[in-house]
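Below is one structure; the comments refer to it alone.
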Amino acid sequence: MDETRRFSPRRELGRTGFRASVLGIGDLADANVPFERSLAILQRALEAGLNLLDTAPNYEDGLSEQLVGAALRGVARGSVFVIDKVDHFDRPVAPQIASSLQRLQLESADLFVFHRVSNLAEYELLTQPGGRYTELSRCREEGKCRFIGLSAHDPAVLERALDDQIAEVLMFPLGPFVDSRYVQRILPRSRELGVGSVCFKTFGAGKLLGDTSGYGAPLATGLADLPHLSVRECLSYTLTWDPDVALLGLSTEAEQDAAFAAAEQFAPLNQPELVDIAERARRAITGKGACWWNPEPH
């Protein structure tokens, strides 16, 4: 095996038939970073064997999709699972998908999901007869994607989607600081129903690893040196619960190497270890602002 290739496909993503790597590549786009630099980081993850890519139109106003498209040039199309999203629920779906595919420079994506369905009222509007979900299904029938689903930061939405059996893949938070329903109800039911699970927020938007209000944004004046968790602790927690894919945004070589090493050295945690990490995560995230991936009350 190529020495740079550290990961091999682990298992099928739900019933899609695609064998995915344990780690997925989250959004790496940053308008403040030169395009070629971000591209090299993304290609490095692909070369390491990660084979699932996530993007969305609103990630840096289409820059993420352009980055993914550039990274896939010369890559065998069936070897990487590409997830894209429908961001605007008040607009027709087909034109949004057409614009995304144009930026990706692809004829189709593997999966399109409705992005961050925030509550049951929104879900019901999307899935009403003839609604946006019908439009998304039609795009699948037309070959614009192979699978459809949704991402959500509300366990009630995800439970309803599982009840209605409308998604082939669900995207939801899973990490040391998430609503317990994601772990106790959504993931087991997804597994039972053969619905793929692609999970994010392992690092709590970076809050668990450093002094930030999320994604590197600085904390309010006077707040610093708060408790932290390690990359290995966070990733071991997520992987112990065994989602199909843990989706990570790793935008530097150092971040990638830390996560790759943690995944390679992973051993399932026991119950006391899980409880300990979750409690320390609660302390580490206190004072770092809203955790928008957890509905209230947590």
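Condition first: more than 14 Å from the chain's Cα centre (by Cα) and either of a type in the set (S, T, N, Q) or crowded, with 24+ Cβ neighbours inside 10 Å (or both). Now tell me which residues in region 162-177 satisfy that. Gln165, Ala167, Pro176, Phe177, listed by residue number. Could you tell me which residue of region 66-89 is farthest from Tyr123 (Cα to Cα), considering only residues that are of a type in the set (D, E, K, R) and touching a strand residue (DSSP E or B) at 6+ places or on another chain (Cβ under 7 Å)? Once the filter is applied, the top-ranked residue is Asp84.
Name the residue, out of Arg91, Arg73, Arg103, that is surrounded by 18 or more Cβ atoms within 10 Å (Cβ to Cβ), modelled with pLDDT of 95 or more and of a type in the set (Lys, Arg).
Arg103
Scanning region 136-177 for residues that are of a type outside the set (A, V, I, L, M) and either out of contact with any strand residue (DSSP E or B) (no Cβ under 9 Å at 6 or more places or on another chain) or at pLDDT below 95 (or both) yields a total of 11.
Filter region 252-298 for residues that are buried (at least 17 other Cβ atoms within 10 Å of the Cβ) and in contact with a Ser or Thr (Cβ under 7 Å, 6 or more places away or on another chain); which is farthest from Ser213 (Cα to Cα)? Looking at the filtered set, the residue picked out is Leu269. Can you name the residue in region 190-210 that is crowded, with 17+ Cβ neighbours inside 10 Å and among the charged types (D, E, K, R) and, of all such residues, is farthest from the chain's Cα centre (by Cα)? Of everything passing the filter in region 190-210, Lys207 is farthest from the chain's Cα centre (by Cα). Where helices (runs of 4 or more DSSP H) sit wholly within region 71-190, those with at least 1 residues that are under 30 Å from Pro272 (Cα atoms), in contact with a helix residue (DSSP H, G or I) (Cβ under 7 Å, 6 or more places away or on another chain) and in contact (Cβ under 8 Å) with a residue 24 or more places away in the chain occupy 155-164.
Each residue in region 11-37 was checked for being part of a helix (DSSP H, G or I) and either hydrophobic (A, V, I, L, M, F, W, C) or under 22 Å from Pro188 (Cβ atoms) (or both), and 1 of them qualify.
The values are calculated or read from the model by the stated rules, or taken from the named source; none is laboratory data. Fair warning: this is a prediction, and the values are worked out from it, not measured in the lab. Because the Cβ atoms are built from the backbone with ideal geometry, glycine has one as well, and the counts that use them run over all protein chains shown.
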